[in-house]
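Peer 1: Before anything else, here's the structure in question.
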Amino acid sequence: MVRLIIKDILLMKKTLLICMAYIVFIIFAFQSMGAGAFATGVTAATYMLVITACAYEDKNRSDIVINSLPIRRQTVVLAKYVSVYVYIALSAVAYGAATTVLPLLKAPITVYPLSGEIFISGVFAAALLSSVFLPIFFKFGYMKSKLVNFILFFGAFAFAGFLGNAFVSGGVLENLNKYIVVLSQQPDWMIAALIILVIAAIQLASYRLAVAFYKSREF
């Protein structure tokens, strides 16, 4: 599994550098977001690396070679999911390096140290996107998954509009606010633990679905 992750990283050396530079750009471009810029940057960079790795694999027909080796398909799928967290870690290192170096260079920019809450929010967003994309990729391959993800992307806006109307017309918003107030009164560690459990549940369900799809594919 480790070799599969290293293989993806070596294939994406240029893309990896671009994504790390993108993290620095986000710090400059989204100063008004404060430390929340990390969540935006890490989500975009991680998703870009995930889909690029899948694109290279599809372009080079790596699936045919990999499946001819004594490697279980569960391992191939797991490597993709673990690589998401490797990309998140690299993005965090890039953000930490940028927020350390920029003040030393007297850059006219306000930097915000990375906090645990912001880090978890970035992990949640990146994990959620990958949880949607990877099962589709393992089911249809990269080219077909591009179309499906395009549809899902705009479908998300339609769903958000529908949900917004439901909030306005009904008492959903009031009930949601009650839960938010109760949650905000809990200790930080409890909120973090809850988010981690949600991430784990989503990723586990997504992983099992991806494995089922990948096992049913023929190469």
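The values are calculated or read from the model by the stated rules, or taken from the named source; none is laboratory data. In this text the structure is predicted, and so the values were computed from the model without any measurement. Cβ: placed from backbone, ideal geometry, glycine included. Neighbour counts: every protein chain shown. Areas reflect the complete protein model, heavy atoms only, side chains present, ligands, DNA and RNA absent. Shrake-Rupley method; radii C 1.70, N 1.55, O 1.52, S 1.80 Å.
Peer 1: Return only the number of the condition from (1) under 14 Å from the mean Cα position of the chain (by Cα); (2) among the hydrophobic types (A, V, I, L, M, F, W, C); (3) surrounded by 14 or more Cβ atoms within 10 Å (Cβ to Cβ) that Ile9 does not satisfy.
Peer 2: Status for Ile9: all satisfied but (1).
Peer 1: For Ala39, indicate whether it is open to solvent by 10 Å² or more (accessible area, probe 1.4 Å) and in contact with a Gly (Cβ under 8 Å, 6 or more places away or on another chain).
Peer 2: Working: open to solvent by 10 Å² or more (accessible area, probe 1.4 Å): yes; in contact with a Gly (Cβ under 8 Å, 6 or more places away or on another chain): yes.
Yes; evaluated as a whole, the condition is true for this residue.
Peer 1: For region 61-74, give me each residue that is in contact (Cβ under 8 Å) with a residue 60 or more places away in the chain and open to solvent by less than 40 Å² (accessible area, probe 1.4 Å).
Peer 2: Asp63, Ile66
Peer 1: Checking Ser115 against (1) closer than 22 Å to Leu17 by Cα; (2) modelled with pLDDT under 80, only one condition comes out false. Which one?
Peer 2: In the conditions (1) closer than 22 Å to Leu17 by Cα; (2) modelled with pLDDT under 80, Ser115 misses (1) alone.
Peer 1: I would also like to ask the following. Any idea which residue in region 94-112 is farthest from the chain's Cα centre (by Cα), counting only those that are under 12 Å from Phe38 (Cβ atoms) and surrounded by fewer than 17 Cβ atoms within 10 Å (Cβ to Cβ)? Walk me through it before giving the result.
Peer 2: Initially, region 94-112 is screened for residues under 12 Å from Phe38 (Cβ atoms), giving 94-96, 98-99, 111-112.
Now restrict to residues that are surrounded by fewer than 17 Cβ atoms within 10 Å (Cβ to Cβ): 96, 112.
Working: Gly96: 18, Tyr112: 21 Å.
This residue is Tyr112.
Peer 1: So, one more: Here are some conditions: (1) under 20 Å from Tyr142 (Cβ atoms); (2) surrounded by fewer than 21 Cβ atoms within 10 Å (Cβ to Cβ). Lys80 meets all but one. Which one does it not meet?
Peer 2: The one condition Lys80 does not meet is (2).
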